[in-house]
Amino acid sequence: MNPEDALRSEIHTALDSVAGPTPELMGGIAPRLRPVSRRRPLVAIGQVAAVLGIALVVAAVAFSLHRSRVAPPGVTTAPTTPIVAGPGANNAWITSQQSSNNAYTGDIVTGIDPTGHVVGTINARDELRSPDGSLLYALVDRGLDVYSAVDGHKEQTIPLLPVSFGLPMLSADGHYFAVAGSSPSSLQLVDLVAGRVVASTNVGLPAFGVPVIIGEQAQHVYVVGPTIAKFAFDGTTFRLEQHTTGHTLACDGLVVGGINSAGGLPFRVLADGRTLVAFCPSDGRITWFDLVAMTLVHEAQIGQRNPFWVSPVFSSDGNSLYLYEGGTGELHVIDLLHQTVAKSTKVASAGANPLAWLGSLVTDAYAGGIDRTAALSPDGNWVYAIGDFGGPSGVSLVHLPDLAVKGRWLPGASLNSVWASADGRTIYLLENGDHVRVLRSDGSEVVKLTLPSNSFGFIVPTIP
């Protein structure tokens, strides 16, 4: 190998590992290296130093470009496994609160298909929907009922140990279900494929909150509340590995359950399997928490006119969070990988009575709740945004990623919740006065139906 080839090889070896394939530099460098006699060693050394200096400059630039293309440490851009929609995934399931003596007693859940026909009804409470949209789950006394999203028929009841004030959650792939209970504290893990409890503990848990399942085999379960407890699961038993002390997350945990889960969860575990991102509806904070290091990584905050006005919607790849305030029409885009508020704009005007927000602070069964005034199309190209609190504003069609409003539907309609079917061809709109409108993706209306009283939200796929 001649000296020129050797130098070329050394430069490429040094740079390729940093920034990928390196441009051919020797064609421009080699002609500028004059032959040097042995009597002029200092000139030779100077030439070599010059070449190395060029290489170092190129390496610095390449490394800088490389760093600008990657996410911060601990957050990965690796794609998640796509979720394939299952049978019944295009049917909407809408909850209507029932009460007795002003106390919440459960829900009537009505299923409606894209043609506008009612396919079934369920009496349940504490409902979740499988990530593929094909199954509905509801806690009952000493059990977990499993229903078909096609027509609402009960497929099975999985026995559980007694649980009080249970907080349920599914794994991201829908394989496992966990429920954390209080008084006494308990944690149960269910293998939904096997149809049985595979692990449980009730030995004074150091935390009470929402269980978050991590790993294809549920290798870890985190109980996330004011404090966070980390449990390892070896296939048969739980083992407490670590727990935090003091308040860890905004809102003292994850705000889920009932109206707060209708329309989607306000938290997500990112594709790296270690970063938990949670939105706090009471003060507008977004928190990034490292589940491996068990430490808070970062916080950002958006302005919001009133608590619980903002509807959180995660992109299907988990890289973005859209925060839409139905009372003002403000839309914020959060870059979850770079941990920044990427863009904010106004896409709709609610046109409501300025005092109407007072009604959002009290509901029949909850002290506040997240109104679901935004939904994302499955292809990630559109946000369907509605006004709220009684103002006739209809639906704004917001194009992504530019956030341009491309049109409006039903400008005179007074709406409070929206959901798009799994195939994106049907848009369901919950209207004030216990009505639901079924629309095609071109905005044409299929039907308008009357629902049971106190209808408040859609049961959509649960993707933690």
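The values are calculated or read from the model by the stated rules, or taken from the named source; none is laboratory data. All values derive from a computational prediction rather than experimental measurement. Accessible surface is based on the protein model in full, side chains and every heavy atom, while ligands, DNA and RNA are left aside. Shrake-Rupley method; radii C 1.70, N 1.55, O 1.52, S 1.80 Å.
Quick one: in the stretch 154-281, what % of C-alpha pairs are over 23 Å apart?
26 percent
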Practice prompt. Pop out the ³J(HN,Hα) list for the stretch 299-311 in order, Karplus 6.51 cos²θ - 1.76 cosθ + 1.60 with θ = phi - 60°, rounded to Hz; leave Gly and Pro as x.
Written response: 9, 9, 8, 10, x, 9, 5, 8, x, 6, 7, 8, 9
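Does the stretch 88-172 come out rounded, prolate or oblate by the C-alpha gyration tensor, with a ≥ b ≥ c the root eigenvalues, rounded set by a/c under 1.5 and, if not, prolate when a/b is larger than b/c and oblate if not?
oblate
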Item to complete: Keeping every protein chain in place, order 435, 338, 247 by accessible area at 1.4 Å, biggest value first, i.e. largest first.
Response: 247, 338, 435
Response to the item:
Heavy-atom accessible area with a 1.4 angstrom probe orders 428, 104, most exposed first, as 104, 428
Fill in: log₁₀ of I(q)/I(0) at q = 0.17 Å⁻¹ - the stretch 404-464, Debye sum with one point per alpha carbon
-0.61
Worksheet entry | Hull shadow area, averaged, the stretch 104-229 [alpha-carbon convex hull, nm²] | 8.1 nm²
